Amino acid sequence: MQSLNSSRRLILPPLVRSYAISVKTPKPLAGKKYPRVFKDKKAFQYNWYSRILRANTSSPVLIFHHNEFSAQRLKQLRADIFTANQKVKSAQAAANGPTPVSATDAQPTLTVVRTSIFGAALRDVPGVNLAEVEHMINNQSGSFAVLSLPSLNPPQLSAILRAMDKSVPPKAPKTPEEIKAEQDLKKADPAQPGRRMKRSRQIRIPELKLMGAIIENRVFLPQNVQDVSKLPTLQTLHAQIVGLLSAPASQLAAVLGEASGGRIARTLEGLKLSLQAANEPTATDDKKVES
């Protein structure tokens, strides 16, 4: 009976504690000093996360919930993000010309965070509505990662989101038949009672879910992030504004140019002659009057 129980324990997945990102003020505990001061590794993580979050005014921060990611799979995801970013940069450089070296060197950075330290760093970011952050996280526990972008570039954001969806497609929900088969397998006795069951390597299917973003100290939900990714670039908006402002001036300049060349005088003279011709009585009208 003991060997049977030990064999069943071998196939159970390991239990890992997981927490949600908490932005609430921690409850005071006896013997603890507040505000909390981190040391050594935790202090390094707190300062690291704080730099990422405080830079959201110029570098958008996207928050993801992930599950079942191995180190190799995370490496592949980072490579896919890098490739998508390079394609957008190449296309924009071909359309708008080369950009400064400092801007081209910046790359999107995907960072796996420790939820407790990240929550403490998030509480200390000035200007961010913590109630909206709490609504964005929605008590979701597990593993989290943040993606920091070098600048607010909607085409770049759209391309990276598409690349991440393609790299980690959403997992299809389990059917009732699959859930029942898993439960029956856990309850079933081994094929050969008394013998230890063979170990089977667990097949990991990674999951990635966009929770939201913090851009310029504003909290965006996933749908709002998608809306931001559809906006035009800053250069395009500048060109549109310049076009709107310069349109009346160009039209006035064209009118003045025509007037200086005498075209407008000739046009008005022709209009005057045509109106006079229209008002003069014709021969048929004279005959009708005589009759």
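The values are calculated or read from the model by the stated rules, or taken from the named source; none is laboratory data. Not measured: the values here are computed from a predicted model. So basically every Cβ, Gly included, is an ideal-geometry build from the backbone, and we count neighbours across all protein chains shown. Keep in mind that these areas ignore ligands, DNA and RNA; they rest on the heavy atoms of the full protein, side chains included. Shrake-Rupley method; radii C 1.70, N 1.55, O 1.52, S 1.80 Å.
Structure summary
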item: Conditions (1) among the hydrophobic types (A, V, I, L, M, F, W, C); (2) surrounded by 11 or more Cβ atoms within 10 Å (Cβ to Cβ); (3) modelled with pLDDT of 75 or more; number of the one not met by residue 172; result: (2)
item: Count of the range 39-50 residues which are over 7 Å from residue 117 (Cβ atoms) and open to solvent by less than 100 Å² (accessible area, probe 1.4 Å); result: 4
item: Members of the range 64-90 found to be of a type in the set (D, E, K, R), surrounded by 13 or more Cβ atoms within 10 Å (Cβ to Cβ) and over 29 Å from residue 232 (Cα atoms), listed by number; result: 68, 73
item: Some residue of the range 178-195 being under 27 Å from residue 52 (Cα atoms), open to solvent by less than 90 Å² (accessible area, probe 1.4 Å) and either of a type in the set (A, V, I, L, M) or at pLDDT below 85 (or both); result: no
item: Output for the range 1-25, where each listed residue is part of a loop (DSSP other than H, G, I, E, B) and at pLDDT below 75; result: 1, 11, 12, 13, 14, 15, 16, 17, 18
item: Every pair of residues 6+ apart whose Cβ atoms lie under 9 Å, when the first sits in the range 46-74 and is at negative phi and part of a helix (DSSP H, G or I) while the second is open to solvent by 30 Å² or more (accessible area, probe 1.4 Å) and among the small types (Gly, Ala, Ser); result: 57/127
item: Check on residue 248, open to solvent by less than 90 Å² (accessible area, probe 1.4 Å), modelled with pLDDT under 80 and not hydroxyl-bearing (Ser, Thr, Tyr); result: yes
item: Residues being open to solvent by less than 60 Å² (accessible area, probe 1.4 Å) and more than 14 Å from residue 60 (Cα to Cα) - total across the range 215-235; result: 2
item: Set 122, 147, 110, 161: member being in contact with a strand residue (DSSP E or B) (Cβ under 8 Å, 6 or more places away or on another chain), in a helix (DSSP H, G or I) and modelled with pLDDT of 90 or more; result: 161
item: Subset of the range 26-58 [modelled with pLDDT under 75 and among the acidic types (Asp, Glu)]; result: none
item: Flag for residue 104 being open to solvent by 60 Å² or more (accessible area, probe 1.4 Å), at pLDDT below 90, over 21 Å from residue 54 (Cβ atoms) and of a type in the set (Val, Ile, Thr); result: no
